[in-house]
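Here is the structure we will look at.
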Amino acid sequence: MFVAVLPPPEALEDLAEFLGPRREAEPGFRWTVEDQWHITLAFMAQVADRHLDDLLARLERAAARRTAFDLTVLGGGAFPNAGRAKVLYAGLDAGAHREELTRLATGARAAGNKAGADADGGRFHPHLTLARIGRPMDVTRWVRLLGSYRGPTWSADEIALVQSHLGEGPRRRPRYETVAAFPMRPRPEPE
């Protein structure tokens, strides 16, 4: 399972349209599918059934502590780096709300850990995974190309707990199922 911010369809479609004609140029990439693009806040390899109710309650509280903010898919990069990439990703811009996004991830991870779901705790780097690469390769030109991309801005106003069913999707990919969504506090109205 994982906790994520799910971009709206218009943001996903815009990015897919930008990448569309270019995807075929890299047959060695394992491209992720548009309807699975998300911003992972917390990853939990195993969630026992006995912990699920507690996890749901804690995620609801964690989301309610954060205020909705704008996000934009902007630029991109590679893990571990562009010269020896294993993953190509699209970046995110939260503007002045970067800290709010980081706190949202911290809260989601804390909720998982306190519920006994053991959320992975590596450094949070918000992104959308676009492709996985079998052997490390130089993707500098892709990172430059993504540097020219700016998608539409949308309001991140909820988080979702998603279950991944490995190998059950098309072409043996995972199938994602949203278990529950949790609203964040609405933004205050401008005065």
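So that you can scan it fast, the table gives a plain yes or no per residue for (1) surrounded by fewer than 16 Cβ atoms within 10 Å (Cβ to Cβ); (2) over 30 Å from GLY134 (Cβ atoms):
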| site | (1), (2) |
| --- | --- |
| LEU52 | no, yes |
| LEU55 | no, yes |
| ARG58 | no, yes |
| ALA63 | no, yes |
| ASP70 | yes, yes |
| LEU74 | no, no |
| GLY83 | yes, no |
| TYR89 | no, no |
| GLY95 | yes, yes |
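Look at the stretch 122-140: where a residue is among the acidic types (Asp, Glu) and a partner is crowded, with 17+ Cβ neighbours inside 10 Å, sitting 6+ places away or on another chain with Cβ atoms under 8 Å, you get ASP138/ALA82; ASP138/ALA85. Quick one: would you say HIS165 is surrounded by 14 or more Cβ atoms within 10 Å (Cβ to Cβ), touching an Asp or Glu at 6+ places or on another chain (Cβ under 9 Å) and free of Cβ contacts under 8 Å to residues at least 60 places away in the same chain? When the stated conditions are applied, HIS165 does not pass them. Could you list all residues from the stretch 9-34 that are under 29 Å from PHE182 (Cα atoms) and surrounded by 13 or more Cβ atoms within 10 Å (Cβ to Cβ)? Answer for the stretch 9-34, where residues must be under 29 Å from PHE182 (Cα atoms) and surrounded by 13 or more Cβ atoms within 10 Å (Cβ to Cβ): ALA11, LEU12, GLU13, ASP14, LEU15, ALA16, TRP31, THR32, VAL33, GLU34. Looking across ALA119, ALA115, one residue alone is crowded, with 18+ Cβ neighbours inside 10 Å, more than 16 Å from the chain's Cα centre (by Cα) and at negative phi. It is ALA115. Determine if the stretch 175-188 includes at least one residue that is part of a strand (DSSP E or B), surrounded by 13 or more Cβ atoms within 10 Å (Cβ to Cβ), at pLDDT below 95 and under 14 Å from the mean Cα position of the chain (by Cα). Checking the stretch 175-188: at least one residue is part of a strand (DSSP E or B), surrounded by 13 or more Cβ atoms within 10 Å (Cβ to Cβ), at pLDDT below 95 and under 14 Å from the mean Cα position of the chain (by Cα).
The values are calculated or read from the model by the stated rules, or taken from the named source; none is laboratory data. Since this is a predicted model, take the numbers as computed values, not measurements. When we count neighbours, we look across all protein chains shown, and the Cβ atoms used for this are built from the backbone with ideal geometry, even at glycine.
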